[in-house]
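Data first, discussion second: the structure below is written as structure tokens.
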2 protein chains.
Amino acid sequence: MTSASLVNGRFANNISLDNRGLAYGDGLFETILVRKGSALWLDEHLQRLAQDARRLRIPCDTDVLAGDCSRLLANLGANDAILKIVLTRGTVSRGYSPLAAASDRIVSLSSVVPASLRYWQQGVALGLCQTRLARQPQLAGIKHLNRLEQVLAAGEMQRRGFDEGLVLDETGKIIEATRSNVFMAVAGSLVSPSLNDCGVNGIMRQQILAAAERLGLRLKVGVVEMSALRNADEVFICNSVIGIWPVIKIECMHKAIGPMCRQLQREFESHFYA
Amino acid sequence: MTSASLVNGRFANNISLDNRGLAYGDGLFETILVRKGSALWLDEHLQRLAQDARRLRIPCDTDVLAGDCSRLLANLGANDAILKIVLTRGTVSRGYSPLAAASDRIVSLSSVVPASLRYWQQGVALGLCQTRLARQPQLAGIKHLNRLEQVLAAGEMQRRGFDEGLVLDETGKIIEATRSNVFMAVAGSLVSPSLNDCGVNGIMRQQILAAAERLGLRLKVGVVEMSALRNADEVFICNSVIGIWPVIKIECMHKAIGPMCRQLQREFESHFYA
């Protein structure tokens, strides 16, 4: 299959030049793994989208969006795919002011390059991005369409031949990777950076935090300095398409694949590789 | 007239859903005033676009863009309009990495709501936005498509009934207004915030800085604290569509319209109101 898209419920491959997503990045998106015809954590993605939309005051009807998703998935059969939802604040009026409450929804299904089982099993090497994330509490955690920092950071990694890279905030704290969240095992605790000032609060991150609680792991979500990374026994990254990848190297710093990462991978393995 | 748009040189009203401008705000834009059929400071806008494009590593051919502008302007006659150029980094491949160097260009001409002569003459009241600008030196000064901060700030002002609002950075320094740059007269000097950490380096701002030098005004571009605003004898805002508007009030703080603002307005009046 190639791809199919619904724009406000109609099949289309393009969108008006007046769309505020194009004009200002004024919108949100979700990227959802579809395995054997079924969208993984669709409700969680829609709830996150609705929550982020409330913060940006963009109207969001999750029932209508779920209906769009069902229509596209109905033709997929038991295949794998990527489902992408984009919700923008409708069309440009004059300038930045949102004026009337409106939104456009774009739901697309596209063929999937299978997530790397090799990385899941054997781990991945990360670079350290020079690009820093700006601190913006009003947008922190939100999966919005203003992603130039990620484009710059990912471009760095691409030029240096890394598949993924760690990104710090302007003060040097560890926040996330360019398209994934980061976890560490430090002195027996599962540690993850807080996302109060920047970063995207990924669905896979949320699933791991919930699993950690379920499994009785000691959990610390807070400020993570580079020293914590150096002291970490394990490092791993996650997102809702790749699942969990152990990190075996950050620049020249080697890390072992450890029991905490493997335990969490086992919790989610069936979703990604059954 | 309504509007006409060229997408990569062809008349169109829409763009592919794969465009990276929509997906990530991965692009740039220019908004240009057209008076009596002639685009004001077109070369300067194209040069700024090319300079910003180099910083983001987006290919930009100003000759081709100038050709698109000429084609649209040819049908306009001696009318007023707004010319908008959007340059994006082509289509989405997989994820944030830019991969191959590519770009899409969108050039649009639309009917213009005449800039307010009343504001030019009698001044405008500003609010003070709660939304702060994040400090991101890698993107500072660039007129890119990641404009959620401006959307949030403009939304605040819209709800409070202000036409424009002053925006500070996260440390409380004055940077700009939501869609314009800001100048002050402080103790006989013309003062404007530096834009090394955030803000857009507008073409009208650049024209005013050049005029100030030409006119022999004492000029200070640097950090501007709120105390400078309180001490300022004059405050005015500018962009390349409205020209220069004196500020007569910021929240409850009154300001007089003074000689420095009027002198600079006279320098540019013919471009906007001849």
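The label-point distance for residue A:12 and residue A:79, in a model that sets each label 7 Å from Cα toward Cβ, rounds to 2.4 nm.
Placing a label point 7 Å from the Cα of residue B:71 along the Cα-to-Cβ direction, the distances to the matching points in the other copies come to 3.3 nm, shortest first.
Keeping the other protein chains in place, figure out the carbon and sulfur percent of the accessible area of the stretch B:117-273, with a 1.4 Å probe.
Values: 2860 of 5970 Å².
The nonpolar share, carbon plus sulfur, comes to 48 percent.
Packing, as the average of other Cβ atoms within 10 Å across residues, places the peptides B:149-162, A:259-272, B:109-122 in the order B:149-162, A:259-272, B:109-122, highest first. Our note on the geometry: Cα centres of the stretch A:46-88 and the stretch B:47-70, 35 Å apart. Residues of the stretch A:122-152 that lose at least 30 Å² of accessible area (1.4 Å probe, protein heavy atoms only) when the other protein chains are present, relative to their chain alone, are A:134, A:135, A:136, A:138, A:139, A:145, A:146, A:147, A:148, A:151, A:152.
Taking 0.36 nm per residue of separation and subtracting the Cα-Cα distance, what length does fully extending residue A:270 through residue A:160 add? Computed gain between residue A:270 and residue A:160 is 36.3 nm. Heavy atoms of chains A and B lose about 4400 Å² of accessible surface on contact, summed over both sides with a 1.4 Å probe. Legend: calculated FRET efficiency, residue B:100 to residue B:62, from the Cβ-Cβ distance at R0 = 22 Å, rounded to 0.05, equals 0.60. At a probe radius of 1.4 angstrom, the accessible area of the stretch B:207-274 per residue rounds to 49 square angstrom. Cα centroid separation, the stretch A:226-257 to the stretch B:139-176: 37 Å. Taking every DSSP bridge with both residues inside the protein assembly as shown, close to 80 percent are antiparallel. Report the accessible area of residue B:124, computed with a 1.4 Å probe over the heavy atoms of all protein chains in place, in Å² rounded to the nearest 10. That residue has around 0 Å² of solvent-accessible surface.
Counting Cα-Cα pairs of the stretch A:147-204 in 5 Å increments starting at 0 gives whole-percent bin shares of 4, 18, 26, 25, 17, 8, 2, 0. Solvent-accessible surface of protein heavy atoms, probed at 1.4 angstrom with all chains present, puts A:254, A:144 in the order A:254, A:144, largest first. Projected label points at residue B:3 and residue A:55, each 7 Å from Cα along the beta carbon direction, are separated by 2.9 nanometres.
Of the beta bridges in the stretch B:122-274, as assigned by DSSP with both residues counted there, near 60 percent are antiparallel.
With Cα atoms as the point set, the stretch B:3-110 shows a radius of gyration and Dmax of 13.8, 45 Å.
Rank these residues by their accessible area, most exposed first, probe 1.4 Å: B:220, A:143, A:249.
Values: B:220 120, A:143 35, A:249 70 Å².
I get B:220, A:249, A:143, largest accessible area first.
Considering only Cα atoms, the convex hull volume of chain A works out to 132 Å³ per residue. Mean-square fluctuations from a GNM of chain A, with a 10 angstrom spring cutoff on Cα atoms, peak among A:230, A:214, A:89 at A:214.
Using 1/(1 + (r/R0)^6) with R0 = 22 angstrom and r between the beta carbons of residue B:263 and residue B:121, what's the FRET efficiency to the nearest 0.05?
On the way: r = 15 Å, r/R0 = 0.68.
Efficiency, from the Cβ-Cβ distance: 0.90.
At 4 °C and 1.567 mPa s, grab the translational diffusion coefficient of the protein assembly as shown from Stokes-Einstein with a Kirkwood Rh over Cα pairs, rounded to a whole number in µm² per second. For these conditions, the coefficient is 52 µm²/s. The Cβ shell under 15 Å around residue A:75 holds other residues with a net charge of 0, Lys and Arg each +1, Asp and Glu each -1.
Sorting B:233, A:52 by solvent-accessible area of protein heavy atoms yields B:233, A:52, largest first, with a 1.4 Å probe. For the stretch B:126-225, the relative contact order is 31 percent, taking Cα pairs closer than 8 Å that sit 6 or more residues apart in sequence and dividing their mean separation by the residue count. Applying a threshold of 30 Å to the alpha-carbon distances of B:143/B:220; A:220/A:249; A:84/B:143; A:249/B:143; A:173/B:84 flags A:249/B:143; A:173/B:84 as lying beyond it. With the convex hull of the Cα atoms taken as the outline of the stretch A:117-273, the averaged projected area works out to 8.5 nm². With the simple spin-label model, which puts each label point 7 Å out from Cα in the Cβ direction, the residue B:213 to residue B:196 separation comes to 1.8 nm.
Compute a Gaussian network model of chain B, connecting alpha carbons closer than 10 Å, and tell me which residue from B:26, B:163, B:80 fluctuates the most. Judging by the Gaussian network model, the answer is B:163.
For the stretch A:176-244, GluC sites (Glu not before Pro) are listed when DSSP marks them as loop and at most 16 other Cβ atoms sit within 10 Å of their Cβ; the list is A:225.
Tell me, in nm to one decimal, what length is gained between residue A:256 and residue A:223 on full extension, where the rule is 0.36 nm per residue of separation less the Cα-Cα distance?
Values: separation 33, 0.36 × 33 = 11.88 nm, distance 2.28 nm.
Taking 0.36 nm per residue and subtracting the Cα distance, the gain is 9.6 nm.
Solvent-accessible area of residue B:273, all protein chains in place: 70 Å² (probe radius 1.4 Å, heavy atoms, ligands and nucleic acids excluded). Burial here means at least 40 square angstrom less accessible surface with every protein chain in place than with the chain by itself, probed at 1.4 Å; in the stretch B:14-41 the buried residues are B:14, B:15, B:17, B:22, B:23, B:24.
Can you give the Rg to Rh ratio for the stretch A:181-267, taking only C-alpha atoms and Rh from Kirkwood?
Taking Rg over the Kirkwood Rh, I get 0.92.
The values are calculated or read from the model by the stated rules, or taken from the named source; none is laboratory data. In this text, all values refer to a predicted model and were calculated from it rather than measured experimentally. Methodologically, a virtual Cβ is constructed for each residue, glycine included, from the backbone with ideal geometry; neighbour enumeration extends over all protein chains shown. With ligands, DNA and RNA removed, areas are computed over all heavy atoms of the protein, side chains included. Shrake-Rupley method; radii C 1.70, N 1.55, O 1.52, S 1.80 Å.
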